[in-house]
Amino acid sequence: MSEINHFELAGLLEAASLKDIEEKASRLVHALGYDTFVAGVQHAGQILVVSTYSQTWRTIYDKQNLIEKDPTVLHARRSTLPLVWHPGLFKQKEAASLLEQSRSYGITSGLSIPVHGSNGSAAMTSFASGREFGDAQQRHAQENLPASMLLSTYLFEAIQRIGSTTPGETDGEETAEESGIYLTPKETECLKWSAAGKSSWEIGTIMSCTERTINFHFGNIIKKLGVSNRRMAVAKAIATKLVSI
């Protein structure tokens with residue numbers, strides 16, 4: 001299982017542009033054993049895309065409107081579950097044709113992760129490689145799934161911040177003080193340990209309380225930050241300077 005650098009993750013939230021996000025994320029994607037990625041965020045009536053896919057392939061994809069035939073996109077529209085690509089996903093004629101074309105650009109197998117925000121925004125990140133389908137490919141995707149999901153959440157938050165920045169502004173996210181968010185010391189500690197990759201059980205052991213208590217704290221944190229899950233809470237807490245790592 002590949003390790004992901006949490007300081008580099010946090011650095012995504014300091015990105016000044018979509019191109020900056022692309023460059024920072026590319027290193028993390030390679031660390032996870034993938035060659036390329038695409039992250040698309042639907043935010044405030046616009047679609048923002050960060051990608052290291054071949055520009056030629058992206059042009060073909062757009063011109064042929066392959067987004068309406070892409071089984072990974074169709075999955076993301078109806079589910080929040082991660083999707084490890086497999087041969088059955090591309091059995092239909094149009095999907096098979098899409099895969100055949102993408103192979104020429106180093107996109108053979110991968111992992112797609114939908115993200116849905118509490119404000120109605122939605123996103124999907126796909127990590128891809130030229131690795132052929134098979135046991136090794138499936139095992140790689142499953143072993144690196146937690147880190148991949150964490151990266152997708154940071155990409156979602158980072159891209160949203162850029163999308164929320166208007167001309168003349170440099171901060172895409174209010175600080176916790178500006179937005180009136182207050183967390184208790186225990187909630188802040190929970191977030192710090194979660195940002196370090198600790199599970200509820202591990203955090204409970206460190207803080208000398210039960211796993212149930214930690215989950216209770218996270219329930220409150222998620223409500224206060226207006227997000228839909230723990231990963232997004234960690235990303236937003238770092239973005240708003242509630243915690244630092």
(message) Under 9 Å between Cβ atoms, which residue pairs at least 6 apart in sequence (or on different chains) link something in the stretch 78-104 that is free of Cβ contacts under 8 Å to residues at least 40 places away in the same chain and more than 30 Å from ARG231 (Cα to Cα) with a partner that is aliphatic (A, V, I, L, M) and part of a loop (DSSP other than H, G, I, E, B)?
(response) LEU99/ILE107
(request) Evaluate the following for VAL29: is it crowded, with 20+ Cβ neighbours inside 10 Å and modelled with pLDDT of 90 or more? (result) yes
(request) Determine whether ARG139 is touching a strand residue (DSSP E or B) at 6+ places or on another chain (Cβ under 7 Å), basic (Lys, Arg) and either outside any helix (DSSP H, G or I) or closer than 27 Å to ASN5 by Cα (or both). (result) no
(message) Among the listed residues CYS209, CYS190, identify the single one that is out of contact with any Asp or Glu (no Cβ under 8 Å at 6 or more places or on another chain), more than 18 Å from HIS116 (Cα to Cα), modelled with pLDDT of 90 or more and outside any helix (DSSP H, G or I).
(response) CYS209
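Based on what the data block shows, is VAL73 open to solvent by less than 60 Å² (accessible area, probe 1.4 Å) and part of a helix (DSSP H, G or I)?
On the way: open to solvent by less than 60 Å² (accessible area, probe 1.4 Å): yes; part of a helix (DSSP H, G or I): yes.
Judged against the criteria, VAL73 is a match.
Test LYS24 against the stated conditions and say whether it is farther than 12 Å from SER126 by Cβ, assigned to a helix (DSSP H, G or I) and touching a helix residue (DSSP H, G or I) at 6+ places or on another chain (Cβ under 8 Å). Outline the logic, then answer.
Numbers: farther than 12 Å from SER126 by Cβ: yes; assigned to a helix (DSSP H, G or I): yes; touching a helix residue (DSSP H, G or I) at 6+ places or on another chain (Cβ under 8 Å): yes.
Considered against the rule, which asks whether it is farther than 12 Å from SER126 by Cβ, assigned to a helix (DSSP H, G or I) and touching a helix residue (DSSP H, G or I) at 6+ places or on another chain (Cβ under 8 Å), LYS24 comes out as yes.
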(request) Scan the stretch 1-26 for residues that are over 15 Å from the mean Cα position of the chain (by Cα), of a type in the set (Ser, Thr, Tyr) and either under 14 Å from TYR154 (Cα atoms) or at pLDDT 85 or above (or both) and report the count. (result) 1
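Say we look at the stretch 110-135 and pick out the residues that are without any contact (Cβ under 8 Å) to a residue 12 or more places away in the chain and open to solvent by 60 Å² or more (accessible area, probe 1.4 Å); which of these is nearest to the chain's Cα centre (by Cα)?
We begin by selecting, within the stretch 110-135, every residue without any contact (Cβ under 8 Å) to a residue 12 or more places away in the chain; these are 120, 134-135.
Adding the requirement that they be open to solvent by 60 Å² or more (accessible area, probe 1.4 Å) leaves 120, 135.
Values: GLY120: 16, ASP135: 24 Å.
In this case the residue turns out to be GLY120.
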(message) Every residue in the stretch 40-70 that is out of contact with any Leu (no Cβ under 8 Å at 6 or more places or on another chain), on the phi < 0 side of the Ramachandran plot and assigned to a loop (DSSP other than H, G, I, E, B), please.
(response) THR52, TYR53, SER54, GLN64
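Return yes when ILE107 is under 16 Å from ARG231 (Cβ atoms), at pLDDT 90 or above, under 20 Å from the mean Cα position of the chain (by Cα) and not charged (D, E, K, R) and no when it is not. Steps first, please.
On the way: under 16 Å from ARG231 (Cβ atoms): no; at pLDDT 90 or above: yes; under 20 Å from the mean Cα position of the chain (by Cα): yes; not charged (D, E, K, R): yes.
Taking the combined requirement at face value, the residue does not satisfy it.
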(message) If I filter the stretch 76-90 down to residues being part of a helix (DSSP H, G or I) and under 19 Å from SER152 (Cα atoms), which single residue comes out as farthest from the chain's Cα centre (by Cα)?
(response) ARG78
(request) Return the pairs, sorted by first residue and then second, in which the second residue is small (Gly, Ala, Ser) and surrounded by 15 or more Cβ atoms within 10 Å (Cβ to Cβ), the first residue lies in the stretch 210-233 and is touching a residue at least 60 places away in the same chain (Cβ under 8 Å) and under 22 Å from LEU81 (Cα atoms), the beta carbons are less than 9 Å apart, and the residues are 6+ apart or on different chains. (result) GLY226/GLY117; VAL227/GLY117; VAL227/ALA233; VAL227/ALA235; SER228/GLY117; ARG231/SER152; ARG231/SER194; MET232/GLY117
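The values are calculated or read from the model by the stated rules, or taken from the named source; none is laboratory data. The model shown is predicted, which means the values in this text are computed figures rather than measured ones. Positions of Cβ are backbone-derived with ideal geometry, glycine not excepted, and every protein chain shown enters the neighbour counts. Side chains are part of the model used for accessible areas, which takes the heavy atoms of the whole protein and leaves out ligands, DNA and RNA. Shrake-Rupley method; radii C 1.70, N 1.55, O 1.52, S 1.80 Å.
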